[in-house]
Amino acid sequence: MKQQRKSVDKPLMLISLTTIFFIVAGLSLYPEQGNDVAKMLFSGITEQFGSVYLLFGFFSVIALACIAFGKHGNIRLGDNKPQYSLFTYLAMMICAGLGSATVYWAFLEWGYYYMDPPYNIEANSPLAAEWATSYNMFHWGISAWSLYCIASLPVAYSFHVRKNPQLKLSAVCESIMGRYYTTAVGKTIDTIFIFSCVGAMGITLGLSVPMVTEGIASLLGTKSSFGMNLGLMLAITALFTVSSYVGIEKGMAKLSDMNTKLAVLFVLAILVLGPTTFIIDQSVNGYGLMLQNFIRMSLWTDPVEGGSFPTSWTVFYWAYWMTYVPFMALFVTKVSAGRTLKEVILSMVVGGSAGCFIFFGVLGSYSMSTHLNDLVNVTESINSIGGSATVVEVLRTLPFSALFIMVFAVMSILFLATTLDSASFTLAATASNQLDENANPPTALRLFWCLILAAVPLAMMFIDAPLSTVQTMAIVTSLPLMLVIFIMLYGFFRWLNGRETESVAPAQQAEQPAVVAVPAD
């Protein structure tokens, strides 16, 4: 026990928890003023730095392709064989990186693009419907996973190849910055990470729990309430607390396997029982439209018309993914031992994107078909009864709807448990001075962060404070986080170039002809 106490970074815990407490308390006591401040900060960031976010997202895709298929792609992270099978490895990354919010937006997001499409396309038109599916896939696909991956590589390389004993962003920056690094800089980096992670996870819970309770209430024939939200939150907390206690190998790995298989069955069932031809055609068309216009979508700022679509959606999403990036980087580092850089890149960018394309293609296209066929007016329902209730209404149009709603609820709960389990691991690793021989933080510290992750959104829901404000405040941290990632990438490419020099120098020396003394005549 004493050893565990020594391994906890107490100053960082005090600073980060105090920061979280005062921000949440301030938003609770002054919700309107807090919301105004958050909107002002976010508006300033997206307007002044929107192009920076877009360029960074596009750069990430190009840089990862060069690394994966270049001379550094075969660098292995550590000396051992991969700890997890490819299926389990992919399942853990997808479950950690997506969560139940994916289920929510897969059914609904196309509706927002349909009502307010880009490129001056007529709202609620057939062309708007086509672009709605393509933007669904774009915002949750290649660029999003590239942002996750580009930040994961420096951390994984530092930990597995350079044998940095600490699994935190500040430790990576310390090895890069050298004499420019100070304790204050390190604590600032880790505090920003902890706040952004707690804020992002709090929003995931705050958005997903009411959605699941709507489904449960529908099955029971009652109305959702705070009491149901509380009960569900406690159940989810218990589930991911047990998962955290038994460890990643026995906990999250098995939950991720189970949930991925359940999600595949869920999607296949909707594909078979729904309008199969329309779902396939709409998905393929949306995918093709996205690939055809990928560069335009990645760099579109709408400078002449001054429309809000790029900043309201694409820049917003890239900033939102940035709040998850450090958490994903630490978690991916933990589970990627024995993988090559190429395997990590292809698993995350190709595997993660493919999962999203299928998920959003099938669920989004089915939801769109219910709207076009006048079964559910999705766009009107979003504004009148809310997104969570709209998802349930769409599910009710399926045959065996009660079974689908039940599977949907279980799947969402498992998504939440696995996402929060991985989040508690990364938070505990960041707040640790040292890890054990298996690169795990203290179990008690993981359990503590499990409770914090559940307490923040629960407190906000109890006082009926706007969760969107916490989300906006968390997204504001994406700008300094981007600077931290720039620093890590600078060091990462220097390490790769240094490795190349070390490996090439002996070969060059060997190629030089030997000097032989020839006696004079």
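The values are calculated or read from the model by the stated rules, or taken from the named source; none is laboratory data. These numbers were taken from a predicted model, which means no experiment stands behind them. Glycine gets a Cβ as well: all are built from the backbone with ideal geometry, and neighbour counts include every protein chain shown. Ligands, DNA and RNA are stripped out before the accessible areas are found, and what is left, the full protein with its side chains, is counted by its heavy atoms. Shrake-Rupley method; radii C 1.70, N 1.55, O 1.52, S 1.80 Å.
Below are the figures for this structure:
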item	result
Positive-end residue of Ile345, Ser146, Thr301, charge dipole of the chain with Cβ unit charges	Ile345
Global form of the range 306-447, assessed from the alpha-carbon gyration tensor, a/c cut-off 1.5	prolate
Kirkwood hydrodynamic radius (C-alpha pairs) into Stokes-Einstein, the range 34-158, 37 °C and 0.692 mPa s, D in µm²/s	184
Sequence-separation-based contact order of the chain, relative, with Cα cut under 8 Å and 6+ spacing, percent	34
For the range 239-370, radius of gyration divided by Kirkwood radius, i.e. Rg to Rh on alpha-carbons	1.03
Overall Cα dimensions of the chain - principal axes, largest extent first, Å	103, 56, 45
Point-to-point label distance, Asp302-Lys71, nm (Cα→Cβ direction, 7 Å offset)	4.5
Greater than 20 Å apart at Cα, pairs in Lys81/Lys334; Lys71/Lys163; Lys187/Lys334; Lys71/Lys342; Lys81/Lys163; Lys254/Lys334	Lys71/Lys163; Lys187/Lys334
Ranked by how many other beta carbons lie within 10 Å on average, peptides 116-122, 397-403, 482-488 from highest	482-488, 116-122, 397-403
Under the span-like rule (Cα at least 27 Å along the axis, Kyte-Doolittle mean at least -1.0), DSSP H helices of the chain	10-29, 31-68, 183-220, 226-246, 252-273, 316-335, 352-372, 401-430, 443-462, 478-511
Listed residues Ala389, Thr323, Ile452: farthest to the positive end of the dipole of the chain (Cβ charges)	Ile452
Heavy atoms of Arg446: accessible area, 1.4 Å probe, square angstrom to 10	10
Label-point separation in nm, Phe22 to Lys163, each point 7 Å along Cα→Cβ	4.1
Interchain or long-range residues, amide H under 5 Å from Val8's placed H	Asn433
Inverse mean reciprocal Cα-Cα distance (Kirkwood Rh) of the range 108-172, Å	14.4
Built amide H within the under 5 Å cut-off of Thr340, gap 5+	Leu77
